[in-house]
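To start, the structure itself, in structure tokens.
The values are calculated or read from the model by the stated rules, or taken from the named source; none is laboratory data. If you're wondering where the values come from, they're calculated on a predicted model, not measured in any experiment. Note that each Cβ is placed from the backbone with ideal geometry, even for glycine, and that neighbours are counted across all protein chains shown. All accessible areas refer to the heavy atoms of the entire protein, side chains included, with ligands and DNA or RNA removed. Shrake-Rupley method; radii C 1.70, N 1.55, O 1.52, S 1.80 Å.
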Amino acid sequence: MQHPKNAVFLDTVSLSTIVKDGELGDPERLPEFVRRLRPDITDTRALVLFEIKPDNEGGRKEGREQAGRYLAALNGAVEPDKKLVGGTGFDGSLFLEFENGGTLWQLSWRTPEPGVTLYRWSYRREKPHASWKERAAQKEEALPREEAEQRGELAEQALRAAYEGGEWPNGFHGQVYLPVDCR
């Protein structure tokens, strides 16, 4: 979203397609067993890659390992002037408000090391008649697992609708507050 003119591939696209459609080199140079791997975010114009994981030590380790594998495979297949690196500077947050004044969820992300973006969900308790800004200033709490399981799919659909301009999901009565700048 930050770079609309860039060729950005998400986790539904294989390394082989990224190399071919991103005009980086010869996908046939990729070993057979890695051609179908799919990094989370690859920007073939900025030549950066990100792996997105939960914000904990295990997520950080897994992200580092996966980003390293993907970069090694890609850089073995691309032209010398098109080598990719782990992306940096991808930090931000957004809010989802349920039931127009109900629970306020926050999704935060940060990139503590090149190529590894860590995310976490938190929430603010319901506070009737308070603006979302007042509620955002409330103490952040860990999102209860039961609530995440109950509303997670609805939250994902609402975020996609907000970012991609699609249809709002049935049953979502609230707002999505998107960042103006994710730097």
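Numbers below:
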item	result
Counted residues, segment 86-100 - those being part of a loop (DSSP other than H, G, I, E, B) and open to solvent by 20 Å² or more (accessible area, probe 1.4 Å)	6
Single condition residue 120 does not satisfy, out of (1) of a type in the set (D, E, K, R); (2) touching a Gly at 6+ places or on another chain (Cβ under 6 Å); (3) under 30 Å from residue 47 (Cα atoms)	(2)
Of all residues in segment 30-74 being part of a strand (DSSP E or B) and of a type in the set (A, V, I, L, M, F, W, C), the one that is farthest from the chain's Cα centre (by Cα)	48
Among the residues listed as 62, 57, the single one being surrounded by 15 or more Cβ atoms within 10 Å (Cβ to Cβ), charged (D, E, K, R) and at pLDDT 90 or above	62
Per-region count, segment 104-129, residues modelled with pLDDT of 85 or more and assigned to a loop (DSSP other than H, G, I, E, B)	2
Complete set of residues in segment 130-152 that are exposed (fewer than 13 other Cβ atoms within 10 Å of the Cβ) and in a loop (DSSP other than H, G, I, E, B)	131, 137, 139, 144
Those residues of segment 6-40 which are buried (at least 18 other Cβ atoms within 10 Å of the Cβ), of a type in the set (A, V, I, L, M) and in contact with a strand residue (DSSP E or B) (Cβ under 7 Å, 6 or more places away or on another chain), in sequence order	8, 18, 19, 24
Selection status of residue 61, under 16 Å from residue 21 (Cα atoms) and of a type in the set (Lys, Arg)	no
